[in-house]
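The values are calculated or read from the model by the stated rules, or taken from the named source; none is laboratory data. Given the structure is predicted, the values throughout are model-derived calculations rather than measurements. Neighbour counts are summed over all protein chains in view; Cβ atoms, including those assigned to glycine, are modelled from backbone coordinates with ideal geometry.
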Amino acid sequence: MKSQLFKKLAEQIYTDYADVRKLPGERRLGERYVASRATIRAALQELQNGGRLVSDPRRGHTLIPAAPSREERTGNVVPPPERRAWNVVLFCSRRLVEDQAFLDFLGGAIHSAGMNGVNLLIRELDERHFVAGAESPEQLYSGVEADGYILTFLSEGLRQFLERQLKPCVALGMPYRVGELEKRRFLRVFLPQREKLTMLFSRLAELGHRRILVPCGSEELGGYVRELIPDGVKADFVKLTLNSDSSVPRPEAGDRVMAALGDHTALLVPFGGATALEIYRRLLLAGIEIPKRLSVVIDSGRFDYFVKVFRIASTYSSSREEGMMCMEALVGQLRNGFLEFGNRFTRYSYMEGETLGPAMTPAEQRQYDRRHRNMQ
């Protein structure tokens with residue numbers, strides 16, 4: 001099985017990069033083809049053994065063009081017509097274009113489009129007014145023959161409409177139940193949220209935290225998080241209302257977290273943006289010693305600069321890489337000539353920060369609370 005996999009991957013790499021010849025690094029190849037580094041190296045070695053790849057420690061990997069056939073050498077072959085550039089339509093909502101993280105995503109998609117010879121059309125839609133029964137793509141854009149689509153906001157009606165076009169479609173988003181994709185005709189690109197949250201819960205459990213407070217913006221996310229709580233750990237949830245624009249804070253979020261804090265020794269915030277900063281600010285104003293009394297970890301993004309300034313423990317994700325992954329997943333289908341469905345994952349990083357520490361014992365916590373009340 002392993003032999004068949006790397007040989008098939010070798011052929012796919014050669015086909016996909018035959019025009020550009022220069023291959024990206026092994027990490028990028030692994031991300032594109034969702035393969036381990038060992039499998040990527042085996043595929044590259046297969047190409048090198050077949051005389052179709054040269055490797056240089058300084059210049060990297062370069063493909064060798066296939067030798068011309070006898071017909072090509074004698075000039076008795078009609079050259080194939082030049083392939084027109086692919087046209088990809090990226091749908092976004094009006095509120096997204098005001099979000100800095102989305103602009104970063106867009107930059108990644110534009111960069112990847114330029115690298116892959118794709119004409120990218122960005123179409124802004126108001127998802128509230130989209131008619132699910134639309135019959136023609138001309139109702140959404142005009143003057144372009146679309147070869148594929150990228151959908152960047154959650155709209156079941158628009159997804160169903162694009163699926164009826166029987167063209168490659170990639171959706172950006174985090175599915176809570178990935179099994180639902182088995183009957184759908186699109187790829188979904190998202191961060192490995194399950195892996196991220198599992199790692200954060202495990203890290204807190206290692207530090208002795210047994211009562212964790214988790215503010216959530218939706219019941220759906222709360223239910224998803226409940227599946228990942230390790231044995232021996234109790235997590236309580238605070239329901240919050242989040243703004244669609246991550247740069248606008250919800251002032252009441254900090255008050256709700258403070259009211260629910262009780263004897264919890266850790267706070268896990270599964271979102272970033274201004275509301276996460278508001279919660280952190282409210283904790284500091286209340287005189288909560290971090291991490292002595294409360295350990296804090298959040299799920300941040302590329303533009304949450306305050307995470308590094310305050311050295312907050314967090315997971316970190318790059319919207320730019322999500323944009324590149326969406327475009328490359330779509331281009332892969334266009335090159336192969338068939339539709340795919342399933343999931344593609346982008347990377348995340350973890351920063352330890354200075355807001356994590358060992359949990360207090362119950363006796364230490366009672367003593368701390370008494371001293372804190374006296375100081376107030």
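The table that follows gives values for the structure above.
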| quantity | calculated |
| --- | --- |
| Filter result for Ala134 (surrounded by 12 or more Cβ atoms within 10 Å (Cβ to Cβ) and at pLDDT below 85) | yes |
| Positions within segment 12-58 being out of contact with any strand residue (DSSP E or B) (no Cβ under 9 Å at 6 or more places or on another chain), outside any helix (DSSP H, G or I) and not polar (S, T, N, Q), in sequence order | Asp19, Ala35, Gly50, Gly51, Pro57, Arg58 |
| Boolean, Gly222 is farther than 30 Å from Arg370 by Cα, in contact with a Cys (Cβ under 6 Å, 6 or more places away or on another chain) and not hydroxyl-bearing (Ser, Thr, Tyr) | yes |
| Test: residue in segment 70-90 that is surrounded by 15 or more Cβ atoms within 10 Å (Cβ to Cβ), of a type in the set (Gly, Ala, Ser) and either at pLDDT 75 or above or not assigned by TED's automatic domain parsing to the domain that holds Asn116 (or both) | no |
| Scope segment 318-347; condition surrounded by fewer than 19 Cβ atoms within 10 Å (Cβ to Cβ) and not in a helix (DSSP H, G or I); matching residues | Gly337, Phe338, Leu339, Glu340, Phe341, Gly342, Asn343, Phe345, Arg347 |
| Index of the failed condition, Arg311 passing every other in (1) touching a strand residue (DSSP E or B) at 6+ places or on another chain (Cβ under 6 Å); (2) outside any helix (DSSP H, G or I) | (1) |
| Those residues of segment 330-356 which are closer than 21 Å to Ala146 by Cβ and not polar (S, T, N, Q), in sequence order | Leu330, Val331, Gly332, Leu334, Arg335, Gly337, Phe338, Leu339, Glu340, Phe341, Arg344 |
| Qualifying residues in segment 137-152 (those that are out of contact with any Lys or Arg (no Cβ under 9 Å at 6 or more places or on another chain) and of a type outside the set (Asp, Glu)) - the one modelled with the highest pLDDT | Ile150 |
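For (1) in the same structural domain as Asn116 (by TED's automatic domain parsing); (2) over 27 Å from the mean Cα position of the chain (by Cα); (3) surrounded by 13 or more Cβ atoms within 10 Å (Cβ to Cβ); (4) at pLDDT below 85, each residue gets a yes or a no:
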| site | (1), (2), (3), (4) |
| --- | --- |
| Gln12 | no, no, yes, yes |
| Thr39 | no, no, yes, yes |
| Gln45 | no, yes, yes, no |
| Pro57 | no, yes, no, yes |
| His61 | no, yes, yes, no |
